Amino acid sequence: MRIIAGRFRGTALAALGAGDAAAHLRPTSDRVRESLFNLILHADLGDVPEIEGARVLDLFAGTGALGLEALSRGAASAVFVDKGAKALGLLRENIGRLRVGEAARVLARDATRPGPNPGMPCDLVFLDPPYGKGLGERAIAAALEGGWIAPGALVVWEENTAPVPPAALTLLDARRYGDTMITLFRADR
């Protein structure tokens, strides 16, 4: 895995191999990540925030590849939420490789219970839960309730099937890449 574009383009991320099923790590492939960011940048999604200058929330962050890609492409900051020891180790290693310390904040906690947001809400949300467990629905509801998601924010949800979002999200687009379904939503104002 590597950063696809932006100021850290080509930087290799910590090696994980095919993933770690026991730790529920299933990294988004470079191809899917590139397609996802091309979709964000080039699809007609209406009035959603730009990546440049965005505050990012990466739920079920794993290695942090999605949030780090956003930082590479000009996001102002990223909050990474994961509770797995292996994921947190890889995430911290990747943050160190990119030297984005001040722009990156790691919360070692369950993404379905992030608690109240002590800062500004996020404009761009990545949600990549373990597939088929209903954790994405719980995490997005908790993030909305905790003030983590700004009105009008773009929510990028990666699952193996189309997710069932709360009423507070409006569907913008959905695309399938192999066994991965990327669904884009806008948080209602």
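The values are calculated or read from the model by the stated rules, or taken from the named source; none is laboratory data. Since this is a predicted model, take the numbers as computed values, not measurements. Here the Cβ is made from the backbone with ideal geometry for all residues, glycine too, and neighbour counts use every protein chain on show.
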Per-region count, the range 147-163, residues under 21 Å from GLU69 (Cβ atoms) and in contact (Cβ under 8 Å) with a residue 40 or more places away in the chain
7
ALA70 passes all but one of the listed conditions (1) touching a helix residue (DSSP H, G or I) at 6+ places or on another chain (Cβ under 6 Å); (2) of a type in the set (Gly, Ala, Ser); (3) within 20 Å of ILE182 (Cα to Cα); the exception is number (1)
Looking for something charged (D, E, K, R), modelled with pLDDT of 95 or more and crowded, with 20+ Cβ neighbours inside 10 Å - is there at least one such residue anywhere in the range 138-152?
no
In the range 79-97, what residues are over 16 Å from the mean Cα position of the chain (by Cα), in contact (Cβ under 8 Å) with a residue 40 or more places away in the chain and within 20 Å of GLY10 (Cβ to Cβ)?
GLU93, ARG97
Restricting attention to strands (runs of 3 or more DSSP E) lying wholly within the range 22-125, give those where 3 or more residues are more than 14 Å from ARG2 (Cα to Cα), at pLDDT below 95 and touching a Phe, Trp or Tyr at 6+ places or on another chain (Cβ under 9 Å).
none
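So that you can scan it fast, the table gives a plain yes or no per residue for (1) at negative phi; (2) of a type outside the set (Gly, Ala, Ser):
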| residue | (1), (2) |
| --- | --- |
| GLY134 | no, no |
| ALA139 | yes, no |
| GLU145 | yes, yes |
| LEU154 | yes, yes |
| GLU159 | yes, yes |
| PRO163 | yes, yes |
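Okay, residues lined up against (1) more than 15 Å from the chain's Cα centre (by Cα); (2) in a strand (DSSP E or B); (3) not charged (D, E, K, R):
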| position | (1), (2), (3) |
| --- | --- |
| ALA143 | no, no, yes |
| VAL155 | no, yes, yes |
| ALA162 | yes, no, yes |
| LEU171 | yes, yes, yes |
| ARG176 | yes, yes, no |
Considering only the range 75-118, how many residues are more than 14 Å from THR63 (Cβ to Cβ), acidic (Asp, Glu) and either touching a Pro at 6+ places or on another chain (Cβ under 7 Å) or buried (at least 16 other Cβ atoms within 10 Å of the Cβ) (or both)?
1
Test each condition in (1) surrounded by fewer than 17 Cβ atoms within 10 Å (Cβ to Cβ); (2) assigned to a loop (DSSP other than H, G, I, E, B); (3) touching a residue at least 12 places away in the same chain (Cβ under 8 Å); (4) not hydroxyl-bearing (Ser, Thr, Tyr) for PRO129 and report the one that comes out false.
(1)
